[in-house]
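Contents: one structure, followed by commentary.
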Amino acid sequence: MWNKVQETVKYIQETTKFTPRYGVILGSGLGGFADDIEILHSIPYSDLPNFPTSTVEGHEGRLIFGKIGQNNVVAMQGRFHYYEGYTMQEVTFPVRVMKYLGVEKLIVSNASGGVNPFYKVGDVVLIYDHINMMPEHPLRGHNDERFGPRFVNMSEPYSRNMISKAKEIAVSLSIDVKDGIYLGLQGPTFETLSEYRMVKILGADCVGMSTVPEVIVARHMNIECFGISVITDMGDTQEGVGNVSHDEVLQAAKAAEPKVRTLIKELIVKY
Ligand code: HPA
């Protein structure tokens, strides 16, 4: 893994001569953030040595390198989900590459189903903690100490500093945000009503199929993380439950996207 990561990093550095400080992973329906970046380079995943190859046809993922204000950013347009069949090592490989390109802060966005009764569709949630209920752990197996320690402290997976800065920005721009705990399940099915109830009983506010592996691997390497989620459907109310579809998720995410884009952009400029 170490050699593969270094090989990919070397290829990118030789191609771009660029050192990003911020990494951004864009969630479903939230890819428009790429338009906020003054793009200097862009590399399709298929050109990158050792990168997982996209399984979704006509949906070529790419790494974007560029600037937000004065700040150097690398963004993943298109992420790898465990439910697509990638291994946990493949899902998190780009985060390892980001680290050795120079990334110190990682911003991850996603769409999720809400189970907190005070949430509604379209809400923007700042993730302050997560519950890992994915069936496999990305750090299982031999630990390479060059990346980080065997036993990773997870008392602050999401940076309190970045959350409080984001809250200040939200207040100053009159953007309504909630905060919450994200529970990660493998998918690809949406939850049954009983599973949504379980998620709520377990103490989470929302549930989704991504983010947790990437954040674990980022914390392994001591990258500061910020997670932001758009509530695209409500799993724990009687009304409308059972009707959630991927189209609905994408539509709700698209509707909330301007708020998420603004928050991420301002966070990068001001933090
Ligand atoms: N469950 C899991 N993942 C999701 C959901 C959901 O309700 N909405 C968007 N992603």
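Overview of results
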item: Residue-wise HN-Hα coupling along region 95-100, computed from phi with Karplus coefficients 6.51, -1.76, 1.60 (Hz; x: Gly, Pro); result: 5, 4, 4, 4, 3, 8
item: Cα shape, region 91-183, gyration tensor, a/c 1.5 rule; result: prolate
item: Of all DSSP beta bridges in the chain, antiparallel share, percent nearest 5; result: 40 percent
item: Nearby aspartates and glutamates by direct alpha-carbon distance to Lys67 (threshold 18 angstrom, same-chain neighbours under 8 apart not counted); result: Asp35, Asp36, Glu38, Glu104, Glu266
item: Where region 2-270 is the region considered: accessible area per residue in Å², 1.4 Å probe; result: 44 Å²
item: Cross-link table Lys10/Lys165; Lys167/Lys254; Lys99/Lys167, entries beyond 28 Å C-alpha to C-alpha; result: Lys10/Lys165
item: In degrees, nearest ten, helix 246-270 long axis to first principal axis of the chain (Cα); result: 60 degrees
item: Cα-projected label distance for Lys4 with His142, points at 7 Å along beta-carbon direction, nm; result: 1.3 nm
item: Loop chymotrypsin sites (Phe, Trp or Tyr not before Pro), region 115-209, which have at most 11 other Cβ atoms in a 10 Å radius of their Cβ (DSSP); result: Phe118, Phe151
item: Sites matching GluC sites (Glu not before Pro) across region 90-164 that sit in DSSP coil, with at most 15 neighbouring C-beta atoms within 10 Å; result: Glu104, Glu136, Glu145
item: At R0 = 25 Å, FRET efficiency that the Cβ-Cβ distance of Glu14 and Glu104 yields, to 0.05; result: 0.70
item: Length added when fully stretched, Leu202-Ser245, from 0.36 nm per residue minus Cα-Cα; result: 13.1 nm
item: Within a Gaussian network of the chain (alpha carbon springs, distance under 10 Å), most fluctuating of Ala252, Ala75, Ala218; result: Ala252
item: Region 1-75: GluC sites (Glu not before Pro) in DSSP loop, at most 10 other beta carbons within 10 Å; result: Glu57
item: Over region 2-270, relative contact order from alpha-carbon pairs under 8 Å, at least 6 apart, %; result: 26 percent
item: Helix-only [θ]222 nm of the chain, DSSP H runs n ≥ 4, -39500 (n - 2.57) each, per residue, nearest 500; result: -10000 deg cm²/dmol
item: Degrees between helix 160-172 axis and first principal axis of the chain (Cα, 0 to 90, nearest 10); result: 60 degrees
item: The chain, accessible surface, carbon-and-sulfur percent (1.4 angstrom probe); result: 50 percent
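The values are calculated or read from the model by the stated rules, or taken from the named source; none is laboratory data. This is a predicted model, so every value here is computed, not measured. Quick reminder, even Gly has a Cβ in these numbers, built from the backbone with ideal geometry, and neighbours come from all protein chains shown. We work out accessible area using only protein heavy atoms, side chains counted, and drop any ligands, DNA or RNA first. Shrake-Rupley method; radii C 1.70, N 1.55, O 1.52, S 1.80 Å.
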